[in-house]
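Take a look at the structure below.
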Amino acid sequence: MVVLRSSLAALCLLLSGLSSVATAADFEISVSPAATAEDIQDALQAARQHRSAAPTDTIIIKLPRQLVLDRPITLTAADSGRADAPLVIQGAPEGGSVISGGLELATAPVQQDGSQIVGRLPARFLPEIRQASLAGEWDRISPALQPKDSLKEIPRGRLFLFEGSRRLQPSRWPASGYATKPAISDRGDGQAELRLPDSATDIGGEANLWIAGYWTWNWWFEAASATVVDGRNLRFAAPVNAPRDSARYYLFNVADALSSPGSYYLDSEGKRVFYIPGAGEAEQSLQVAFAESLLHVTNATNLRVEGVAFEKSIGPAVLIENARDVTLANCFVGKTGGDGILVEGGLRVTIDRCVVDDTGYSGIQLSGGNRNTLAPAGHSVSHSKVSRFGQEMPTYRPGIRLFGVGQTIEACEISDGPHAGIIFSGNNHSISGNVLHDLVTNSEDAGAIYAGRNWTSRGTVIAGNYLYDIRNRIGPGQVMGVYLDDQLSGTTVSRNVFQNVDDPVLLGGGRDNVIEDNLFLSRKSPVWMDSRGTTWQADMVKPGGAYWNGLEEVPYESPIYASRYPGLASLLTDRPGSPINNTISHNLSLTVPFVYYEPPANAGLGTEADNLKIDGADTFPAILQSIPAKAQALQKLKELPARIEETRQTISTLPFAGRAQ
């Protein structure tokens, strides 16, 4: 049911079919607390009808405190507002609204029914284990589990369970961490065979067993279904590359391993799930995500969504396609199977003062603009918190990902992710005033801010950010603050603070990069620069190689590109693959040398000037008191403490800050 109300009597007369002078006003449509997806569409239909009669009105659809939807709120071009009279979807006052795509499941204690499945559950935990049927939603959530590969787009599994606000994880062996030194052999038929150690869980009789891990590098995650040969041996699709002794792996969806609060075991044949309630959450309901998404905007303009939490979806909770001038403000997005917010195409989509937390894949993806003309999309994320992303796919699914031209990330906190906080490609993005910490927590050869492997992705500015506590927590590999990987070029890194960051900046063979006015509070050389384009990537820069062919993605010799990126037009005739014309200047560091050149001959290929070694506290902003007043960088860094504190204060007072655990 919907209730219509206007703030002007003249418009009430219009709704009664009587003529009146059309006066601009707010026109409200209230949605009933018992509303369904159909009721939401009725409200949108009423809004369209009113827009036809009074096009200068701001139309506000007021949501109830709670809604459970099995399909998304869908907005199209027909729902568009005007710049001075938008369509507004507004959450309830004093706390906002929660739109959930989670279906509550009836649960019961496990009974000894003589079945093989129950017989494989660990007897000592049976008093704690509960079960729920998934039969009614089986078609919607199938396939429940699917293979995974960090470097491939594979259809995702569709089973995502939540107990209250907590995401449940499949039962696994080991219960935490990873097994190492796999006894694995390639059978030569596309299958690998693994012998488990004697200490492993019992896998006998498992019909839906899975294995996952980092077989070669700690940035490449793969998962595959496994077939049990016997109680200690299993077979699965062979990893892309031969596993190393240092490989990390685990088994999941193992009945015998159902022992940890917050874990579940899927019985596919019985279309049911067994789980152990989380500590302190025994009274919380069990929910399965059954809505594909919760908000879908296509080809619409001048919309605003404010004060709404979107949670528990199979795919992205919010999908915005080819829309213009759309704003999400003071919202929460999270507890998703896929991405949190996915913006594709369009212009000027703004995400402001939002919390994006606990997403299966990336937190936010922004894509748009024209790389042929360098026309920007102008999408932005500002004053927002993005955390606990990559819960289902732990690498290359960052907090925020930028594609295309001209996106902005400003004054955000990005934290608590297993891999990169920000990954960008394309041109002319702005990443400024952000706080990034506790990133790359389960990976190596990765950075808090990462981009790479494209000569034409140029013009991005990374400025005024505070990066701290970004350390390797799993092994000997490198973990970077800003990682310009695989010959990425034409990027500016300026006025940033790096504190307790293993390798603050890595230039992986690129050129025309500028590293200036940064403050490095680390115990290693702040900048690493190599020349991989002349060594192990030499074949990739030859005619027909990957980098050479990548130039054809854009008109790199056109006047637009030549004027914006002069170094790109001459790249093929000026030592392609060599890391030339990088500028590293006016930086401050506790550690020297400022640049670690690999090999040392790279030192003559660019400019290194006016960098200053400093002494004093290794914390920010205390160190600023020890920097000589003459230092150019000091003048440019003085404003950062106030700006960073303002960002932190803003984040802490966001309406849905408490939903990010």
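Tabulated data for the structure shown
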| item | result |
| --- | --- |
| Distance (nanometres) between label positions extended 7 Å along Cα→Cβ at SER558 and GLU193 | 5.7 |
| Potential lengthening between LEU126 and ALA83 on full extension [0.36 nm per residue; Cα-Cα distance subtracted] | 9.5 nm |
| Residues ALA242 and ASP202, FRET efficiency given R0 of 25 Å [Cβ-Cβ distance, rounded to 0.05] | 0.35 |
| Amide hydrogen neighbours beyond the local backbone of GLN191, cut-off 5 Å, H modeled | ALA238 |
| Set of segment 160-179 residues, backbone N closer than 20 Å to the point 7 Å along the Cα-Cβ line of ALA106 | 162-164 |
| Full-extension gain in nm, ALA569 to ASN299, via 0.36 nm per residue minus C-alpha separation | 93.6 nm |
| Pairwise label distance in nanometres, ALA622 with THR76, each label 7 Å out on the Cα-Cβ vector | 6.1 |
| Which listed pairs, of LYS613/LYS636; LYS335/LYS385; LYS148/LYS385; LYS524/LYS613; LYS271/LYS335, have C-alpha distances above 21 Å, in listed order | LYS148/LYS385; LYS271/LYS335 |
| Alpha-carbon centroids, segment 218-268 and segment 130-151: separation in whole Å | 17 |
| Among 545-555, 168-178, the order from most to least packed when residues are scored by Cβ within 10 Å on average | 168-178, 545-555 |
| Fraction of beta bridges assigned by DSSP in the chain that are antiparallel (%, nearest 5) | 30 |
| Cα centroid of segment 566-622 to Cα centroid of segment 297-338, whole Å | 41 |
| Gain upon complete extension [ASN372, ALA53; 0.36 nm per residue less C-alpha separation] | 110.7 nm |
| Environment charge of TYR450, counting only residues whose C-beta is closer than 11 Å and scoring Lys/Arg +1, Asp/Glu -1 | -1 |
| Proximal lysines relative to LYS152, as straight alpha-carbon distance under 18 Å, when same-chain residues fewer than 8 apart are discounted | none |
| Derived scalar couplings ³J(HN,Hα) [segment 576-582; Karplus, 6.51 cos²θ - 1.76 cosθ + 1.60; whole Hz; x for Gly, Pro] | x, x, 8, x, 9, 6, 7 |
| Label-point separation in nm, GLU153 to VAL592, each point 7 Å along Cα→Cβ | 5.0 |
| Residues ASP539 and LYS181, FRET efficiency given R0 of 30 Å [Cβ-Cβ distance, rounded to 0.05] | 0.35 |
| Centroid-to-centroid separation of segment 436-478 and segment 482-520 [C-alpha atoms, Å] | 9 |
| HN-Hα J in Hz across segment 298-313 - Karplus 6.51, -1.76, 1.60, θ = phi - 60°, x for Gly and Pro | 10, 6, 9, 9, 6, 10, 9, 10, 9, x, 10, 9, 10, 8, 6, 10 |
| Reported label for calculated Cα extents along the principal axes in Å given (i) 79, 64, 51; (ii) 81, 55, 40; (iii) 78, 75, 51 | (iii) |
| Segment 136-146 - phi-based ³J(HN,Hα) in whole Hz, Karplus 6.51/-1.76/1.60, Gly and Pro as x | x, 10, 4, 5, 6, 9, 9, x, 5, 10, 9 |
| At 0.692 mPa s and 37 °C, Stokes diffusion of segment 304-454 via Kirkwood alpha-carbon radius, µm² per second | 223 |
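Computed from the coordinates by the stated procedures, all read-outs in this text should not be read as laboratory data. Keep in mind the model is a prediction, meaning the values are calculated, not measured. When we count neighbours, we look across all protein chains shown, and the Cβ atoms used for this are built from the backbone with ideal geometry, even at glycine.
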